[in-house]
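This report refers to the structure that appears directly beneath it.
The values are calculated or read from the model by the stated rules, or taken from the named source; none is laboratory data. Every value quoted in this text rests on a predicted model; they were computed, and no experiment measured them. When we count neighbours, we look across all protein chains shown, and the Cβ atoms used for this are built from the backbone with ideal geometry, even at glycine.
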Amino acid sequence: MVVETVRHFYADAVAVLPWDNEERAYVGPHLDTLAVVQDLAGGAFETAHDGEIIELIVEAIGGDGLWASWFAAADTDSLDYAWEQFAQTAMHQSRTVVGLGSPTDPPAKPGSFPKLSAPIREIRSWTC
């Protein structure tokens with residue numbers, strides 16, 4: 001389970017980051033396996049056994065790897081979530097705001113909006 005989580009939130013740096021021959025290092029933020037496991041599982045276990053368990057997980061993954069958060073499966077999760085929220089709002093919630101009048105005026109009623117539809121119909125007839 002932890003290995004799957006590591007692979008979801010981090011990608012193999014060798015596969016996704018460019019190599020700089022002069023610096024002899026990968027370009028971009030990257031972490032070693034121990035840092036990644038500590039980031040994801042640190043504090044999840046009893047303090048007395050935390051270090052031992054993390055060591056075992058690092059050995060199971062392969063302790064000499066480098067990981068990058070760029071291009072990981074989770075890298076686009078927040079974008080996917082934001083898009084889903086936008087789509088839900090666009091399809092199912094009213095989002096029309098008309099800034100006419102004073103802030104103390106009562107909210108506009110749907111009956112007052114047809115005045116705006118005549119110019120829209122004219123524009124449509126010009127573009128068809």
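Checking region 43-60 against the condition returns no match, with no residue being polar (S, T, N, Q) and in a helix (DSSP H, G or I). Residues that are at pLDDT 80 or above, among the charged types (D, E, K, R) and either under 30 Å from PRO18 (Cβ atoms) or in a loop (DSSP other than H, G, I, E, B) (or both) within region 61-85 comprise just one, ASP64. Listed conditions (1) at pLDDT 85 or above; (2) loosely packed, with under 12 Cβ neighbours inside 10 Å are all met by GLU55, apart from (2).
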